[in-house]
Amino acid sequence: LFEEGAKLRVQVAELGKAQGNEHYRAGDADKATQCYERGLRALGCGPMPGGLVIKPPQEYDYRYDCGVADACGDDATGAFARALRTETMVSLLVALHSNLAAAYLVQGRRATAQEAAGAAIKLCPTDLKARRRRAVAASGLGDHITACDDLAMALGALMDKKDVPRALELAKELIVEWCLRAPEMRDYIAQVGAAGDRLDGVNGRAAVTMALCCALHGFGSASDWARFKPMPGMPPTKIDGARVCARPSAAVPLLDAAVWRCHRQDPKGGRSLLRLCSWMVGVTRTEGVEKAFLDALEEGVRLEENTSKEMDRFRCLIGPQCPPAVGVLQLLEALVRRRVCHVQRLDYSTLSTMWGFRHSQRVRRAIAGVLAWMHRCPEMKARLAHFDESLKPVNERIKRCSWLVGGSWTCQDQECQAYTKETGISIGDGPVEDA
(Lines give C-alpha, C1' and ligand atoms only; values in the text may rest on other atoms or scores of the structure.)
Protein backbone atom coordinates (compact mmCIF):
# COMPACT_ATOMS: atom_id res chain seq x y z
CA LEU A 1 0.00 0.00 0.00
CA PHE A 2 2.82 2.40 0.84
CA GLU A 3 4.53 1.81 -2.51
CA GLU A 4 1.32 2.39 -4.46
CA GLY A 5 0.45 5.54 -2.52
CA ALA A 6 4.01 6.83 -2.72
CA LYS A 7 4.20 6.25 -6.48
CA LEU A 8 0.99 8.21 -7.04
CA ARG A 9 2.14 11.14 -4.90
CA VAL A 10 5.55 11.29 -6.57
CA GLN A 11 3.82 11.40 -9.96
CA VAL A 12 1.69 14.34 -8.76
CA ALA A 13 4.85 16.09 -7.51
CA GLU A 14 6.69 15.54 -10.79
CA LEU A 15 3.68 16.82 -12.74
CA GLY A 16 3.56 19.90 -10.51
CA LYS A 17 7.23 20.54 -11.19
CA ALA A 18 6.85 20.14 -14.97
CA GLN A 19 3.77 22.35 -15.17
CA GLY A 20 5.34 24.91 -12.86
CA ASN A 21 8.41 25.12 -15.08
CA GLU A 22 6.21 25.72 -18.13
CA HIS A 23 4.27 28.51 -16.44
CA TYR A 24 7.47 30.08 -15.08
CA ARG A 25 9.09 30.13 -18.53
CA ALA A 26 5.89 31.67 -19.90
CA GLY A 27 6.19 34.47 -17.33
CA ASP A 28 3.22 33.41 -15.17
CA ALA A 29 4.71 33.25 -11.69
CA ASP A 30 1.32 32.92 -9.98
CA LYS A 31 0.40 29.70 -11.78
CA ALA A 32 3.96 28.41 -11.43
CA THR A 33 3.74 28.96 -7.68
CA GLN A 34 0.49 27.03 -7.44
CA CYS A 35 1.98 24.10 -9.36
CA TYR A 36 5.15 23.92 -7.26
CA GLU A 37 3.13 24.19 -4.04
CA ARG A 38 0.80 21.42 -5.23
CA GLY A 39 3.82 19.21 -5.91
CA LEU A 40 5.25 19.85 -2.45
CA ARG A 41 1.92 19.26 -0.72
CA ALA A 42 1.66 15.95 -2.53
CA LEU A 43 4.84 14.98 -0.71
CA GLY A 44 3.49 16.22 2.61
CA CYS A 45 5.66 19.34 2.84
CA GLY A 46 5.84 22.89 1.62
CA PRO A 47 3.35 25.72 2.18
CA MET A 48 0.81 24.91 4.88
CA PRO A 49 -2.64 26.35 4.19
CA GLY A 50 -3.69 26.07 7.83
CA GLY A 51 -5.15 22.60 8.23
CA LEU A 52 -7.45 21.66 5.38
CA VAL A 53 -8.82 25.14 4.67
CA ILE A 54 -7.26 26.41 1.43
CA LYS A 55 -6.27 30.05 1.72
CA PRO A 56 -5.02 32.46 -0.97
CA PRO A 57 -1.32 31.89 -1.83
CA GLN A 58 -0.22 35.17 -0.26
CA GLU A 59 -1.42 33.95 3.14
CA TYR A 60 0.56 30.71 3.11
CA ASP A 61 3.21 30.16 5.77
CA TYR A 62 6.17 28.38 4.21
CA ARG A 63 7.37 25.77 6.66
CA TYR A 64 9.88 23.10 5.78
CA ASP A 65 8.77 19.57 6.77
CA CYS A 66 5.36 20.88 7.77
CA GLY A 67 2.54 20.50 5.28
CA VAL A 68 -1.11 19.59 5.16
CA ALA A 69 -0.51 15.96 6.08
CA ASP A 70 1.62 16.78 9.11
CA ALA A 71 -0.77 19.47 10.35
CA CYS A 72 -3.96 17.39 10.31
CA GLY A 73 -3.31 15.80 13.68
CA ASP A 74 -3.45 12.27 12.25
CA ASP A 75 -0.30 10.48 13.41
CA ALA A 76 -0.54 7.79 10.74
CA THR A 77 -0.95 10.34 7.95
CA GLY A 78 1.93 12.43 9.27
CA ALA A 79 4.17 9.35 9.52
CA PHE A 80 3.26 8.42 5.95
CA ALA A 81 4.20 11.93 4.72
CA ARG A 82 7.56 11.85 6.50
CA ALA A 83 8.36 8.37 5.20
CA LEU A 84 7.37 9.50 1.72
CA ARG A 85 9.82 12.40 1.81
CA THR A 86 12.54 10.08 3.05
CA GLU A 87 12.00 7.72 0.13
CA THR A 88 11.57 10.46 -2.50
CA MET A 89 14.55 11.42 -4.63
CA VAL A 90 16.26 14.42 -3.02
CA SER A 91 16.68 16.05 -6.43
CA LEU A 92 12.90 16.32 -6.85
CA LEU A 93 12.40 17.95 -3.46
CA VAL A 94 15.31 20.31 -4.02
CA ALA A 95 14.01 21.34 -7.45
CA LEU A 96 10.51 22.02 -6.12
CA HIS A 97 11.74 24.11 -3.19
CA SER A 98 14.30 26.00 -5.28
CA ASN A 99 11.97 26.64 -8.22
CA LEU A 100 9.28 27.79 -5.82
CA ALA A 101 11.78 30.26 -4.37
CA ALA A 102 12.36 31.65 -7.86
CA ALA A 103 8.61 32.08 -8.40
CA TYR A 104 8.21 33.77 -5.03
CA LEU A 105 10.98 36.23 -5.98
CA VAL A 106 9.09 37.20 -9.13
CA GLN A 107 6.01 37.80 -6.96
CA GLY A 108 8.05 39.99 -4.64
CA ARG A 109 7.64 37.63 -1.66
CA ARG A 110 11.27 37.78 -0.54
CA ALA A 111 10.88 36.42 2.99
CA THR A 112 9.00 33.37 1.75
CA ALA A 113 11.51 32.94 -1.08
CA GLN A 114 14.35 32.94 1.44
CA GLU A 115 12.66 30.16 3.42
CA ALA A 116 11.94 28.13 0.28
CA ALA A 117 15.53 28.39 -0.93
CA GLY A 118 16.69 27.56 2.60
CA ALA A 119 14.65 24.36 2.51
CA ALA A 120 16.42 23.36 -0.73
CA ILE A 121 19.82 24.19 0.79
CA LYS A 122 19.01 22.11 3.87
CA LEU A 123 18.49 19.11 1.60
CA CYS A 124 21.43 19.89 -0.70
CA PRO A 125 23.94 22.47 0.63
CA THR A 126 25.81 22.50 -2.69
CA ASP A 127 22.83 23.48 -4.85
CA LEU A 128 24.03 26.64 -6.62
CA LYS A 129 20.64 27.84 -7.84
CA ALA A 130 19.17 27.67 -4.36
CA ARG A 131 22.18 29.50 -2.91
CA ARG A 132 21.86 32.26 -5.48
CA ARG A 133 18.11 32.59 -5.00
CA ARG A 134 18.42 32.79 -1.24
CA ALA A 135 21.12 35.43 -1.69
CA VAL A 136 18.81 37.54 -3.88
CA ALA A 137 15.98 37.20 -1.36
CA ALA A 138 18.24 37.99 1.61
CA SER A 139 19.69 41.04 -0.13
CA GLY A 140 16.21 42.35 -0.85
CA LEU A 141 15.42 42.00 2.86
CA GLY A 142 18.60 43.86 3.85
CA ASP A 143 20.36 40.72 5.11
CA HIS A 144 23.61 41.32 3.23
CA ILE A 145 25.61 38.99 5.49
CA THR A 146 23.58 35.94 4.43
CA ALA A 147 23.63 37.13 0.83
CA CYS A 148 27.45 37.38 0.82
CA ASP A 149 27.82 33.98 2.49
CA ASP A 150 25.56 32.25 -0.04
CA LEU A 151 27.17 33.91 -3.06
CA ALA A 152 30.64 33.06 -1.71
CA MET A 153 29.66 29.40 -1.24
CA ALA A 154 28.36 29.27 -4.80
CA LEU A 155 31.46 31.05 -6.15
CA GLY A 156 33.78 28.62 -4.37
CA ALA A 157 31.93 25.67 -5.91
CA LEU A 158 32.21 27.18 -9.40
CA MET A 159 35.92 27.85 -8.92
CA ASP A 160 36.44 24.22 -7.89
CA LYS A 161 34.68 23.18 -11.11
CA LYS A 162 36.82 25.71 -13.06
CA ASP A 163 33.60 27.17 -14.49
CA VAL A 164 35.20 30.54 -15.15
CA PRO A 165 32.40 32.36 -17.05
CA ARG A 166 29.81 31.66 -14.34
CA ALA A 167 32.36 32.31 -11.59
CA LEU A 168 33.14 35.76 -12.99
CA GLU A 169 29.44 36.60 -13.23
CA LEU A 170 28.89 35.54 -9.64
CA ALA A 171 32.01 37.40 -8.46
CA LYS A 172 30.52 40.66 -9.78
CA GLU A 173 27.34 40.04 -7.81
CA LEU A 174 29.35 39.24 -4.69
CA ILE A 175 31.31 42.51 -4.85
CA VAL A 176 28.09 44.48 -5.35
CA GLU A 177 26.72 42.76 -2.25
CA TRP A 178 29.87 43.62 -0.28
CA CYS A 179 29.40 47.29 -1.18
CA LEU A 180 25.93 47.08 0.36
CA ARG A 181 27.25 45.21 3.38
CA ALA A 182 30.18 47.61 3.93
CA PRO A 183 29.36 50.96 2.24
CA GLU A 184 32.63 52.45 3.53
CA MET A 185 34.48 50.54 0.79
CA ARG A 186 32.32 51.64 -2.17
CA ASP A 187 34.62 54.41 -3.38
CA TYR A 188 37.65 52.13 -3.14
CA ILE A 189 35.89 49.38 -5.12
CA ALA A 190 34.92 51.90 -7.81
CA GLN A 191 38.51 53.15 -7.90
CA VAL A 192 40.17 49.75 -8.42
CA GLY A 193 37.47 48.67 -10.89
CA ALA A 194 38.12 51.75 -13.00
CA ALA A 195 41.87 51.07 -12.80
CA GLY A 196 41.28 47.56 -14.13
CA ASP A 197 39.22 48.96 -17.00
CA ARG A 198 41.97 51.41 -17.95
CA LEU A 199 44.67 48.75 -17.92
CA ASP A 200 42.92 45.95 -19.79
CA GLY A 201 39.23 46.69 -20.31
CA VAL A 202 36.71 44.03 -19.33
CA ASN A 203 39.38 41.42 -18.60
CA GLY A 204 41.18 43.86 -16.32
CA ARG A 205 38.06 44.55 -14.28
CA ALA A 206 37.37 40.81 -14.10
CA ALA A 207 40.86 40.18 -12.73
CA VAL A 208 40.39 42.84 -10.06
CA THR A 209 36.93 41.56 -9.10
CA MET A 210 38.14 37.99 -8.76
CA ALA A 211 41.18 39.09 -6.74
CA LEU A 212 38.93 40.93 -4.28
CA CYS A 213 36.60 37.94 -3.89
CA CYS A 214 39.48 35.51 -3.34
CA ALA A 215 41.02 37.65 -0.59
CA LEU A 216 37.74 38.50 1.13
CA HIS A 217 36.67 34.87 1.35
CA GLY A 218 40.02 33.10 1.58
CA PHE A 219 39.94 31.27 -1.75
CA GLY A 220 43.43 29.94 -2.46
CA SER A 221 46.47 31.11 -0.51
CA ALA A 222 47.80 34.55 0.36
CA SER A 223 51.12 33.62 -1.24
CA ASP A 224 49.62 32.75 -4.63
CA TRP A 225 47.38 35.81 -4.49
CA ALA A 226 50.30 38.16 -3.85
CA ARG A 227 52.47 36.56 -6.56
CA PHE A 228 50.00 36.75 -9.45
CA LYS A 229 48.90 33.14 -9.86
CA PRO A 230 45.52 33.57 -11.57
CA MET A 231 42.64 31.14 -11.31
CA PRO A 232 42.97 28.34 -13.90
CA GLY A 233 40.96 29.17 -17.00
CA MET A 234 40.80 32.90 -16.29
CA PRO A 235 40.79 35.01 -19.48
CA PRO A 236 44.34 36.14 -20.37
CA THR A 237 45.14 39.59 -19.02
CA LYS A 238 48.26 41.68 -18.80
CA ILE A 239 47.50 42.94 -15.31
CA ASP A 240 47.84 41.51 -11.82
CA GLY A 241 44.48 41.99 -10.09
CA ALA A 242 46.07 41.79 -6.64
CA ARG A 243 48.60 44.51 -7.47
CA VAL A 244 45.83 46.81 -8.70
CA CYS A 245 43.97 46.23 -5.41
CA ALA A 246 47.06 46.89 -3.27
CA ARG A 247 47.25 50.68 -3.13
CA PRO A 248 47.73 53.19 -0.29
CA SER A 249 44.20 54.56 -0.75
CA ALA A 250 42.82 51.16 0.39
CA ALA A 251 43.97 51.44 4.00
CA VAL A 252 41.50 53.92 5.48
CA PRO A 253 38.27 52.73 3.79
CA LEU A 254 38.98 49.03 4.39
CA LEU A 255 39.98 49.48 8.02
CA ASP A 256 37.01 51.78 8.63
CA ALA A 257 34.75 49.17 7.05
CA ALA A 258 36.27 46.51 9.34
CA VAL A 259 35.81 48.70 12.42
CA TRP A 260 32.16 49.38 11.67
CA ARG A 261 31.40 45.77 10.81
CA CYS A 262 32.79 44.72 14.19
CA HIS A 263 30.72 47.34 16.01
CA ARG A 264 27.54 46.53 14.09
CA GLN A 265 27.23 42.84 14.92
CA ASP A 266 29.16 41.63 11.87
CA PRO A 267 32.53 40.47 13.26
CA LYS A 268 32.86 37.87 10.50
CA GLY A 269 32.67 40.65 7.93
CA GLY A 270 35.36 42.56 9.80
CA ARG A 271 37.58 39.47 9.75
CA SER A 272 37.12 39.12 5.98
CA LEU A 273 38.08 42.76 5.37
CA LEU A 274 41.17 42.42 7.57
CA ARG A 275 42.17 39.30 5.60
CA LEU A 276 42.07 41.39 2.43
CA CYS A 277 44.31 43.98 4.11
CA SER A 278 46.81 41.29 5.23
CA TRP A 279 46.97 39.79 1.75
CA MET A 280 47.56 43.22 0.19
CA VAL A 281 50.62 43.80 2.36
CA GLY A 282 52.22 40.70 0.79
CA VAL A 283 52.37 42.21 -2.72
CA THR A 284 55.99 43.10 -3.57
CA ARG A 285 57.28 46.64 -4.04
CA THR A 286 54.36 48.27 -2.25
CA GLU A 287 56.11 50.12 0.58
CA GLY A 288 53.54 52.91 0.33
CA VAL A 289 50.78 50.39 1.08
CA GLU A 290 52.57 49.15 4.19
CA LYS A 291 53.04 52.70 5.50
CA ALA A 292 49.40 53.56 4.74
CA PHE A 293 48.14 50.66 6.84
CA LEU A 294 50.48 51.50 9.74
CA ASP A 295 49.33 55.13 9.66
CA ALA A 296 45.65 54.16 9.42
CA LEU A 297 45.90 51.79 12.41
CA GLU A 298 47.26 54.63 14.55
CA GLU A 299 44.65 57.20 13.47
CA GLY A 300 41.72 57.86 15.75
CA VAL A 301 38.07 57.35 14.84
CA ARG A 302 34.85 58.30 16.61
CA LEU A 303 32.51 55.40 17.25
CA GLU A 304 29.73 57.62 18.58
CA GLU A 305 28.34 60.69 16.85
CA ASN A 306 27.61 62.69 20.01
CA THR A 307 31.13 62.60 21.41
CA SER A 308 34.53 64.03 20.56
CA LYS A 309 36.34 61.04 22.08
CA GLU A 310 38.42 59.10 19.57
CA MET A 311 40.04 55.68 19.67
CA ASP A 312 42.72 54.47 17.28
CA ARG A 313 41.61 51.82 14.80
CA PHE A 314 43.91 49.19 16.30
CA ARG A 315 42.20 49.35 19.70
CA CYS A 316 38.80 49.44 18.02
CA LEU A 317 39.59 46.10 16.41
CA ILE A 318 41.28 44.41 19.39
CA GLY A 319 38.14 43.55 21.29
CA PRO A 320 36.43 40.61 22.95
CA GLN A 321 35.14 39.31 19.60
CA CYS A 322 37.57 36.68 18.34
CA PRO A 323 37.31 37.04 14.52
CA PRO A 324 38.37 40.73 14.26
CA ALA A 325 41.04 40.32 16.94
CA VAL A 326 42.67 37.49 15.00
CA GLY A 327 42.34 39.47 11.77
CA VAL A 328 44.10 42.60 13.02
CA LEU A 329 46.84 40.55 14.70
CA GLN A 330 47.54 38.79 11.42
CA LEU A 331 47.67 42.16 9.68
CA LEU A 332 50.36 43.19 12.16
CA GLU A 333 52.24 39.95 11.50
CA ALA A 334 51.97 40.52 7.75
CA LEU A 335 53.51 44.00 8.17
CA VAL A 336 56.43 42.79 10.32
CA ARG A 337 57.06 39.90 7.94
CA ARG A 338 57.59 42.43 5.14
CA ARG A 339 60.03 44.69 7.00
CA VAL A 340 61.59 44.26 10.44
CA CYS A 341 61.59 48.04 10.95
CA HIS A 342 57.77 48.05 11.12
CA VAL A 343 58.16 46.66 14.65
CA GLN A 344 58.83 50.20 15.85
CA ARG A 345 55.30 51.20 14.79
CA LEU A 346 53.50 48.40 16.64
CA ASP A 347 51.69 48.90 19.94
CA TYR A 348 54.04 46.86 22.13
CA SER A 349 52.27 47.61 25.43
CA THR A 350 48.91 46.33 24.19
CA LEU A 351 50.45 43.19 22.67
CA SER A 352 52.45 42.35 25.81
CA THR A 353 49.37 42.89 27.98
CA MET A 354 47.30 40.65 25.72
CA TRP A 355 49.96 37.93 25.92
CA GLY A 356 49.79 38.02 29.70
CA PHE A 357 46.04 37.38 29.80
CA ARG A 358 44.06 34.28 28.93
CA HIS A 359 42.49 34.33 25.48
CA SER A 360 41.02 31.78 23.09
CA GLN A 361 43.47 29.42 21.38
CA ARG A 362 43.07 31.23 18.06
CA VAL A 363 43.88 34.62 19.57
CA ARG A 364 46.86 33.15 21.47
CA ARG A 365 48.24 31.64 18.26
CA ALA A 366 47.79 34.97 16.45
CA ILE A 367 49.62 36.89 19.20
CA ALA A 368 52.41 34.28 19.18
CA GLY A 369 52.81 34.86 15.44
CA VAL A 370 53.25 38.61 15.89
CA LEU A 371 55.66 38.24 18.82
CA ALA A 372 57.75 35.68 16.94
CA TRP A 373 58.36 38.09 14.06
CA MET A 374 58.92 40.97 16.49
CA HIS A 375 61.90 38.94 17.80
CA ARG A 376 63.72 39.82 14.58
CA CYS A 377 64.24 43.30 16.05
CA PRO A 378 67.11 43.19 18.61
CA GLU A 379 65.54 45.92 20.78
CA MET A 380 62.17 44.16 20.87
CA LYS A 381 63.77 40.78 21.59
CA ALA A 382 65.40 42.29 24.69
CA ARG A 383 62.10 43.81 25.84
CA LEU A 384 60.28 40.48 25.44
CA ALA A 385 62.91 38.50 27.37
CA HIS A 386 61.12 39.05 30.71
CA PHE A 387 58.34 36.67 29.68
CA ASP A 388 60.75 33.72 30.18
CA GLU A 389 58.97 30.35 30.04
CA SER A 390 55.70 31.81 28.77
CA LEU A 391 57.40 32.49 25.42
CA LYS A 392 57.62 28.79 24.59
CA PRO A 393 54.89 28.97 21.86
CA VAL A 394 56.67 32.01 20.39
CA ASN A 395 60.02 30.22 20.28
CA GLU A 396 58.39 27.20 18.65
CA ARG A 397 56.95 29.45 15.96
CA ILE A 398 60.41 30.97 15.37
CA LYS A 399 61.91 27.50 14.87
CA ARG A 400 59.24 26.58 12.32
CA CYS A 401 59.63 29.83 10.38
CA SER A 402 63.41 30.33 10.61
CA TRP A 403 64.05 28.85 7.15
CA LEU A 404 62.07 31.68 5.57
CA VAL A 405 64.67 34.34 6.41
CA GLY A 406 67.69 32.31 5.23
CA GLY A 407 70.03 33.38 8.02
CA SER A 408 70.04 34.66 11.58
CA TRP A 409 66.51 35.25 12.85
CA THR A 410 67.35 38.42 14.78
CA CYS A 411 69.02 41.31 12.94
CA GLN A 412 72.45 42.38 14.26
CA ASP A 413 71.32 45.96 14.89
CA GLN A 414 68.85 48.54 13.64
CA GLU A 415 71.39 50.02 11.24
CA CYS A 416 71.87 46.88 9.16
CA GLN A 417 70.33 46.61 5.68
CA ALA A 418 68.13 43.64 6.63
CA TYR A 419 66.32 45.78 9.20
CA THR A 420 64.66 48.04 6.62
CA LYS A 421 64.81 45.90 3.45
CA GLU A 422 61.68 44.25 2.07
CA THR A 423 61.85 40.55 2.86
CA GLY A 424 59.45 39.30 0.17
CA ILE A 425 57.72 37.14 2.80
CA SER A 426 53.91 37.23 2.82
CA ILE A 427 51.42 36.15 5.49
CA GLY A 428 50.81 32.97 3.48
CA ASP A 429 54.43 31.75 3.53
CA GLY A 430 55.49 29.04 5.93
CA PRO A 431 53.50 27.31 8.68
CA VAL A 432 51.11 30.17 9.40
CA GLU A 433 48.27 29.49 11.84
CA ASP A 434 44.87 30.57 10.49
CA ALA A 435 46.35 32.88 7.85
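The values are calculated or read from the model by the stated rules, or taken from the named source; none is laboratory data. All values reported here derive from a predicted model rather than from experimental measurement. When we count neighbours, we look across all protein chains shown, and the Cβ atoms used for this are built from the backbone with ideal geometry, even at glycine. We work out accessible area using only protein heavy atoms, side chains counted, and drop any ligands, DNA or RNA first. Shrake-Rupley method; radii C 1.70, N 1.55, O 1.52, S 1.80 Å.
Extension gain for Ala194 to Lys399 (0.36 nm times residue separation, less C-alpha to C-alpha distance): 69.4 nm.
The spread of Cα positions in the range 337-435, taken along each principal axis and listed from longest to shortest, comes to 37, 26, 22 Å. The alpha-carbon atoms of the range 314-389, seen along their principal axes, cover 32, 28, 17 angstrom, with the largest extent given first. FRET efficiency for the Arg302 to Lys7 pair, using the beta carbon distance and R₀ = 41 Å, is estimated at 0.05. When you count the other C-beta atoms within 10 angstrom of each residue and take the mean per peptide, 179-192, 400-413 line up highest first as 179-192, 400-413.
Taking all protein chains together and a 1.4 Å probe, the residues Phe293, Phe219, Phe228 rank Phe228, Phe219, Phe293 from largest to smallest accessible area.
Which of the three applies to the range 102-245, rounded, prolate or oblate, going by the alpha-carbon gyration tensor with a ≥ b ≥ c and a/c under 1.5 meaning rounded? Note, shape of the range 102-245 comes out prolate. Full extension of the segment from Phe387 to Trp409, taken as 0.36 nm per residue of separation minus the current Cα-Cα distance, would add 6.0 nm.
Length available on full extension from Leu141 to Lys229: 0.36 nm per residue minus the Cα-Cα distance, which gives 28.0 nm. The modelled label-to-label distance for the pair Cys416/Met311, using points 7 Å beyond Cα in the direction of Cβ, is 3.9 nm.
Here the spin labels are modelled as points 7 Å beyond Cα on the Cα-Cβ line, and at Asn21 and Arg362 they lie 4.1 nm apart. Across every direction, the projection of the convex hull enclosing the Cα atoms of the range 228-300 has a mean area of 5.8 nm². Annotation: amide H-H contacts under 5 Å for Asp312 (H modelled 1.01 Å from N, sequence separation of 5 or more, or interchain): Val301. With a 1.4 Å probe rolled over the protein heavy atoms of all chains, the accessible area of His342, His386, His263 falls in the order His386, His263, His342, largest first. Rolling a 1.4 Å probe over the protein heavy atoms leaves Asp143 with an accessible area of roughly 50 Å². Computed over neighbours whose Cβ is under 13 Å from that of Gly407, the net charge equals +2, Lys and Arg +1, Asp and Glu -1. Note on Thr353 and Arg166: the model spin-label points, each 7 Å out from Cα along the C-beta direction, lie 5.1 nm apart.
The order of the peptides 285-291, 212-218, 415-421 by mean Cβ neighbours within 10 Å, most packed first, is 212-218, 285-291, 415-421.
Cross-linked pairs Lys7/Lys161; Lys238/Lys399; Lys122/Lys172; Lys238/Lys421; Lys161/Lys421: Cα-Cα separations exceed 32 Å for Lys7/Lys161; Lys238/Lys399; Lys161/Lys421. Summing charges over all other residues whose Cβ lies under 9 Å from the Cβ of Pro253, with Lys and Arg as +1 and Asp and Glu as -1, gives -2. Of interest is the spacing of the C-alpha centroids, which for the range 199-219 and the range 244-302 amounts to 17 Å.
When only alpha carbons are used to place a centre, the range 343-383 and the range 135-186 end up 35 Å from one another.
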